[in-house]
Amino acid sequence: MSTVLSASPAAAAGPEHTSEPVAYDGILLASFGGPEGQDDVLPFLRNVTRGRGIPDERLEEVAHHYRAFGGVSPINEQNRALKAALEQELQRRGIDLPVLWGNRNWAPFLSDTLQAAADAGHARLLAIATSAYSSYSSCRQYREDFATALEATGLTGTLTIDKVRQYFDHPGFVGPFVRGVTAGLVQLEQRLPGIDLTTEARVLFSTHSIPSADAAKSGPDFRGFGAGGAYEAQHRAVAEVVMARAGRGVDYELVFQSRSGPASQPWLEPDVNDVIRRLAPEGVRGVLIVPLGFVSDHMEVMWDLDTEAMETADEVGVVAIRTPTPGVDHEYVSGLVDLVVERRDGTPVEDRPAETALGPWYDVCRVGCCANARLGFRPAVAGLTQ
């Protein structure tokens, strides 16, 4: 009997890593979504915060980030580019799998994409989410939304959806950050001639802050990751790998950004802006900001780092450089296709690449993984029923 909802036979019993080939007939590229005009901004933010009862006047406090860019989030165009890059890489390798794109919060919505997939005759999809790490919002919520979309379209039991493992430590994801730090430190030396990188510079690995309660529940309980859960542990492990390869002895820190919860609710800290303000009087002249938690230059990168963090650095007299996200970097795109092949072929776990001791991560999420205590249980695909 299946213990994983809407799964392929290879994943239905819930193994940590599947070992049987699966004849997938489509790839589901799943993302957050974003508005594509000023009239879309508030409806989009209502979708993001659905069920939380947040009034429009509070949503407008966030809306100005989008309105500053004409109401257009860059994420949809980035996903179009990623979809095209995946299609090109698949074609280059002779892999005949279409890439179907669906969003959680804006068109094209997941339910519409799944219905179109079924109408076109697809029955076995392998999902890639544009989030590399383990947490409620970056993994389980996608899996819940897959289940909700299947239910809404009446496709539960007809369409199967597996999901590639979280790829935070896959070489294709880590490699672009190594190159970014290598080049970024050279840029700091060019901007600040004579700088001693080991005493006057700092690398700040930035990721989205999340509620501390969600962080603590990220990843499976039996791994014992501590207060920050798998989410924080994964970021720290990847940052360590990147600095070992490219850091040149520079000190580094993990910082957080984009907090959006009430002041009474603990979120992961420290904030990137607070750290920049702290470093200036300590003699730090240059900071390299690495958007380690993000796969593309979407709104949280463009506003919270390229706008707010840069303004903070200017205020305190620190030179700040932001390194690239993977975007459509060939190594990243090729790595995503490697993950597809891994599941298609049932690659043995010992043959799967992982840059940290934490991976390779699970194909089928474990019981209790990335639960959200505030929202309660919702059915999710690609994980053990819980």
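The values are calculated or read from the model by the stated rules, or taken from the named source; none is laboratory data. Values in this document were obtained by computation on a predicted structure and should not be read as measured data. Heads up, the Cβs are rebuilt from the backbone with ideal geometry, glycines too, and the neighbour counts pull from every protein chain shown.
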task: Note down all Cβ pairs under 6 Å where the first residue falls in the stretch 65-81 and is farther than 13 Å from ASP40 by Cα, the second is hydroxyl-bearing (Ser, Thr, Tyr), and they're at least six residues apart or on different chains.
output: GLN78/SER296; ASN79/SER31
query: Looking only at the stretch 109-152, which residues are in a loop (DSSP other than H, G, I, E, B), under 30 Å from SER212 (Cα atoms) and of a type in the set (A, V, I, L, M, F, W, C)?
result: ALA132
message: Would you confirm, using the coordinates I've provided, whether ARG344 is assigned by TED's automatic domain parsing to the domain that holds ALA63 and in contact (Cβ under 8 Å) with a residue 24 or more places away in the chain?
response: yes
message: Among the residues that make up the stretch 323-331, is at least one of them buried (at least 21 other Cβ atoms within 10 Å of the Cβ) and β-branched (Val, Ile, Thr)?
response: yes
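Yes/no matrix, rows are residues, columns are (1) touching a helix residue (DSSP H, G or I) at 6+ places or on another chain (Cβ under 7 Å); (2) within 17 Å of ALA239 (Cβ to Cβ); (3) surrounded by fewer than 21 Cβ atoms within 10 Å (Cβ to Cβ):
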{"position": "ALA127", "(1), (2), (3)": "yes, no, no"}
{"position": "SER135", "(1), (2), (3)": "yes, yes, no"}
{"position": "ALA147", "(1), (2), (3)": "no, no, yes"}
{"position": "ASP162", "(1), (2), (3)": "yes, no, no"}
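What tally of residues in the stretch 340-366 results from selecting those that are over 21 Å from the mean Cα position of the chain (by Cα) and either in a loop (DSSP other than H, G, I, E, B) or not basic (Lys, Arg) (or both)? Step through it out loud before you land on a result.
So in the stretch 340-366, the residues over 21 Å from the mean Cα position of the chain (by Cα) come out as 344-351.
After this cut, where a residue has to be either in a loop (DSSP other than H, G, I, E, B) or not basic (Lys, Arg) (or both) as well, the list is 345-351.
Qualifying residue count for the region: 7.
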- request: Would you check if there is a residue in the stretch 303-317 being surrounded by fewer than 21 Cβ atoms within 10 Å (Cβ to Cβ) and aromatic (Phe, Trp, Tyr)?
  value: yes
Top-ranked residue of the stretch 87-107 - restricted to ones that are free of Cβ contacts under 8 Å to residues at least 60 places away in the same chain and either in a loop (DSSP other than H, G, I, E, B) or hydrophobic (A, V, I, L, M, F, W, C) (or both), ranked as surrounded by the fewest Cβ atoms within 10 Å (Cβ to Cβ): GLY94
- prompt: Taking the stated definitions as given, is VAL72 in contact with a Lys or Arg (Cβ under 8 Å, 6 or more places away or on another chain), in the same structural domain as SER131 (by TED's automatic domain parsing) and either surrounded by 18 or more Cβ atoms within 10 Å (Cβ to Cβ) or not polar (S, T, N, Q) (or both)?
  reply: no
